Amino acid sequence: MASHALLNNIDHKDLKIDTKKSAEFGNNKMFSVLYPFEFKHAQADYPIFFFKDGKTNDFVAIALFGFEENENLFLTNEHWQASYIPMMIEREPFLIGTQIHEENGVKTESQVIHIDLNNPRVNKEVGNDIFLPHGGNSEYINRVSAILKSIHDSKTATDQFMQAITELELLEPFNLDIQLNNGTNNRLSGFYTINEDKLANLNGVQLEKLNKSGMLSVIYMVIASHANINALIQKKDNQ
């Protein structure tokens, strides 16, 4: 069970974070949430699809790592074999939170960093220092802070993108049947992709709006990323 605490250089001055990538630390995941501002980098390695959250009924984008539960085909000998790692993976075991300050009767909200103290990466012996010996931030935690800020700052743009492609009915469910060299079959299901026919049939006003907002290029990045499916199948075959 997670144990979230507000990160500070007194209670957590001796903590280190083991950043190696391994199943031990939960990196054997089939997919990870991905934000639209990451698509430009992620499309070089991963197929990008969409997943419908059963609790909120909202769509989220994901980077696909494997074809079955607890399978990450990019994970080899505690190394992540890809040119880009999604930010939701890189930020672990930290998450962003909010803190309310009141001064002269005026309340303001600021972003703060929380740490999951029960995450297996957290220890006092191995990994990157969070704080310097005299209490200052390490380069590592400054990088994590930048990642968390990027995720937080992208929320509005992410919501707008997901709302746009949903309202235009550009998402469709799909099934992908894969036959491996050893004769076994895998079926990928439960995800959504861009309906290219509906995209092609959008009218000029709709396309212009998507283009001016920058969303059209993001959509095409999703479509281009599907070329990575064959590479992922090859990884599966070579296991």
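If I ask for residues that are at pLDDT 95 or above and either aromatic (Phe, Trp, Tyr) or on the phi > 0 side of the Ramachandran plot (or both), which ones from region 128-160 would you list? Within region 128-160, Phe131, Tyr140 qualify.
Sub-6 Å Cβ pairs linking a first residue in region 142-162 that is touching a residue at least 12 places away in the same chain (Cβ under 8 Å) and farther than 16 Å from Leu210 by Cβ to a second residue that is in a helix (DSSP H, G or I) and not aliphatic (A, V, I, L, M), at least 6 apart or interchain, are Ile147/Glu90; Ser154/Phe37, ordered by first then second residue. Looking across region 102-131, the residues that are within 25 Å of Asp153 (Cα to Cα), in a strand (DSSP E or B) and either acidic (Asp, Glu) or in contact (Cβ under 8 Å) with a residue 12 or more places away in the chain (or both) come down to Glu102, Glu103, Glu109, Ser110, Gln111, Val112, Ile113, His114, Ile115, Asp116, Phe131. Among the listed residues Gln99, Gln163, which satisfies the condition of being at negative phi and assigned to a strand (DSSP E or B)? Exactly one of Gln99, Gln163 is at negative phi and assigned to a strand (DSSP E or B), namely Gln99. Residues in region 174-184 that are under 28 Å from the mean Cα position of the chain (by Cα), in a loop (DSSP other than H, G, I, E, B) and either of a type in the set (D, E, K, R) or on the phi > 0 side of the Ramachandran plot (or both): none.
For region 216-229, taking the residues that are assigned to a helix (DSSP H, G or I) and in contact (Cβ under 8 Å) with a residue 60 or more places away in the chain, the one that is nearest to Asp159 (Cα to Cα) is identified as Val218.
To keep it simple, each residue is scored yes or no on (1) touching a strand residue (DSSP E or B) at 6+ places or on another chain (Cβ under 8 Å); (2) outside any helix (DSSP H, G or I); (3) under 22 Å from Phe51 (Cβ atoms); (4) modelled with pLDDT under 95.
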| site | (1), (2), (3), (4) |
| --- | --- |
| Glu169 | no, yes, yes, no |
| Asn186 | yes, yes, yes, yes |
| Leu199 | no, no, yes, no |
| Glu208 | no, no, no, no |
| Ala231 | no, no, yes, yes |
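If I ask for residues that are in contact (Cβ under 8 Å) with a residue 12 or more places away in the chain and of a type in the set (Gly, Ala, Ser), which ones from region 35-86 would you list? Answer for region 35-86, where residues must be in contact (Cβ under 8 Å) with a residue 12 or more places away in the chain and of a type in the set (Gly, Ala, Ser): Ala42, Ala44, Ala61, Ala63, Gly66, Ala82, Ser83.
The values are calculated or read from the model by the stated rules, or taken from the named source; none is laboratory data. Every value quoted in this text rests on a predicted model; they were computed, and no experiment measured them. When we count neighbours, we look across all protein chains shown, and the Cβ atoms used for this are built from the backbone with ideal geometry, even at glycine.
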